[in-house]
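Each remark here refers to the structure printed beneath this line.
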Amino acid sequence: MILISLVFTPILVRIISQAQYGLYASVLAGFTIVSLVSKGGLFDATRKTVAEYTDNPREVESIISTSLLLSVIYGLLATGLLLLSIRLEIVPTRYTSYVQVLTGAILFINIFEIIKGALHGLQRESAGEALNVARRLVYTVGALLLAYAGYDVLGVVTAYAASFLLLSILGVLVLAKYSSYRFPEQGAIVTYGQDIASYGGYQLIGGLSAVLLYKSDILLVEHFKGSTFTALYQSAITPAEMIWFVPFAIQIAFLQHTASLWSSNKIDEINQNIQTGVKYAVLSLTLFGVGLVVLAEPFLTVYFGPEYVDAATTLQILVFGTFFFGITRVVTPVFQATGWVKYTELITFAVLIANILLNTLLIPQYGIIGAGIGTGISYILMFVGNIILWKYSQFKLVSLDWASKLVMTQLIFAAFFVGIVRLVSVSPWASLILFPPLGLILFISINLLAGNIPIQPAKPYLSRVSKYLRR
């Protein structure tokens, strides 16, 4: 998925104009919020409920059937409301054609989510992820072809809608290999429908706050400054959020594993896992974050094009904020799995309000730099809120000495890397070819010496290299 996204964006921005890319970013940001509400948290509800009954195929059949029925009802309601919004001209005229196309995808998006949720609940995650990758691939190829053919943003959103239509049909066939399903009986709807809907609704509340936190800045830039500035801001926020991929992987692993440890009352093991997770989050965020900050201009020049270089300062500001938010993503699932979920949701909601207020105040006067400052501060507030929660929870905070040593090591790496890059003046392409490998070697060397990266797993390989060199 990451590889597909990495290839898709630089090609797309060279096919459509900067203003069109900004329009595309704002349309998808708005639709992401609408489709999230339409899905009603049913992915998580289906995954959880199916997983609880995997030893009873008839119960699984009833749960999947009920979830599919709910997803169709939610999808039809959302479709009707969007069409009514278009009819009443609530949707601005410039967005109407795009919203009409995307409205046709809502029902299939919902069905696709249930299929993935059911496959995950049946412990067929590989099948679910294969469908997800296939959908992204269909969307990417279709969007680029249609944009190149001259359909611009309309072609991109059409490919987006078509990818869900095609893969939901394929998904129905794939799911049939692992479980049967049909129109649910009234008893099944009564037995499971309320639980699935209520759990999904609870998940929706937290999910909506998080998505609004990620997307409100884009929509506010579009509202106050227009599509060209939105394109610049999107070019800054996209790579800034890419540095989350390691913390995101840890977050997914922690949620389920922590729940298991919590049920066994293994608090010490949870504390150790938190410290390990935080360490590797900090290491990965430093490696990629420092690289992006120092090489912001050449990265934007090569990846997006020279017309996007004006977003360099915003990118640097955002990376600082995403660094702290990346650490938060490691800690939050521990609280969610151990009964603190309402507090994490409250923190997210409070930060969302702060984010909207800050961006509303800063964007009109400072443009995308203001958006970067507002969003960066919001991400830091999220970090602070979760640290306070950590302090009052039953889990042990990492020691100040340990944290200081870890942070100091990363600052030493950053100082050396900044110095090297500033000393050598080369072209943007040469910068991205030369400096990342040098930075990686420097980063590994410093953290090995500091003991942040264990050398024990690498000893057999180092021994082989040493023997080879002595020949």
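The values are calculated or read from the model by the stated rules, or taken from the named source; none is laboratory data. Everything numeric in this text was worked out from a predicted model, so none of it was measured. Heads up, the Cβs are rebuilt from the backbone with ideal geometry, glycines too, and the neighbour counts pull from every protein chain shown.
Please give the number of the condition V60 fails out of (1) of a type outside the set (D, E); (2) over 30 Å from E222 (Cα atoms); (3) within 23 Å of the chain's Cα centre (by Cα). In the conditions (1) of a type outside the set (D, E); (2) over 30 Å from E222 (Cα atoms); (3) within 23 Å of the chain's Cα centre (by Cα), V60 misses (3) alone. V91 fulfils the conditions (1) part of a helix (DSSP H, G or I); (2) more than 22 Å from R182 (Cβ to Cβ); (3) hydrophobic (A, V, I, L, M, F, W, C) except for a single criterion, (1). All of K459, K467 fail the test of being under 30 Å from W402 (Cα atoms), part of a helix (DSSP H, G or I), at pLDDT below 95 and out of contact with any Leu (no Cβ under 7 Å at 6 or more places or on another chain), apart from K459.
Considering region 388-402, and only residues there that are farther than 20 Å from G339 by Cβ, without any contact (Cβ under 8 Å) to a residue 60 or more places away in the chain and part of a helix (DSSP H, G or I), the residue that is farthest from the chain's Cα centre (by Cα) turns out to be D401.
Pairing residues of region 70-99 that are polar (S, T, N, Q) with residues that are in a loop (DSSP other than H, G, I, E, B), at Cβ distances under 6 Å and at least 6 apart in sequence or on separate chains, gives S85/V91. For E269, work out the one condition from (1) touching a helix residue (DSSP H, G or I) at 6+ places or on another chain (Cβ under 6 Å); (2) touching a residue at least 12 places away in the same chain (Cβ under 8 Å) it doesn't fulfil. The number of the failed condition is (2). Just one of the listed residues (T314, T338) is part of a helix (DSSP H, G or I) and either under 19 Å from F443 (Cβ atoms) or not hydrophobic (A, V, I, L, M, F, W, C) (or both), namely T314.
Here F416 fits the description: more than 18 Å from A281 (Cα to Cα), among the aromatic types (F, W, Y) and either modelled with pLDDT of 95 or more or touching a strand residue (DSSP E or B) at 6+ places or on another chain (Cβ under 7 Å) (or both). The residue list V34, V27, V91 contains one member that is over 17 Å from T191 (Cβ atoms) and over 25 Å from the mean Cα position of the chain (by Cα), which is V91. Here L358 fits the description: among the hydrophobic types (A, V, I, L, M, F, W, C) and under 24 Å from I237 (Cα atoms). Does region 4-20 include one or more residues that are at pLDDT 95 or above, in contact with an Asp or Glu (Cβ under 6 Å, 6 or more places away or on another chain) and under 25 Å from L137 (Cβ atoms)? Yes, region 4-20 contains a residue that is at pLDDT 95 or above, in contact with an Asp or Glu (Cβ under 6 Å, 6 or more places away or on another chain) and under 25 Å from L137 (Cβ atoms). Where helices (runs of 4 or more DSSP H) sit wholly within region 124-232, those with at least 1 residues that are surrounded by fewer than 21 Cβ atoms within 10 Å (Cβ to Cβ) and either within 19 Å of the chain's Cα centre (by Cα) or basic (K, R) (or both) occupy 125-146, 194-225. Going by the structure shown, is L362 outside the structural domain of G206 (by TED's automatic domain parsing), surrounded by fewer than 20 Cβ atoms within 10 Å (Cβ to Cβ) and without any contact (Cβ under 8 Å) to a residue 40 or more places away in the chain? So L362 does not fit the description; no.
Comparison of G370, G385 shows that the only residue that is of a type outside the set (D, E), free of Cβ contacts under 8 Å to residues at least 12 places away in the same chain, surrounded by 14 or more Cβ atoms within 10 Å (Cβ to Cβ) and in a helix (DSSP H, G or I) is G370.
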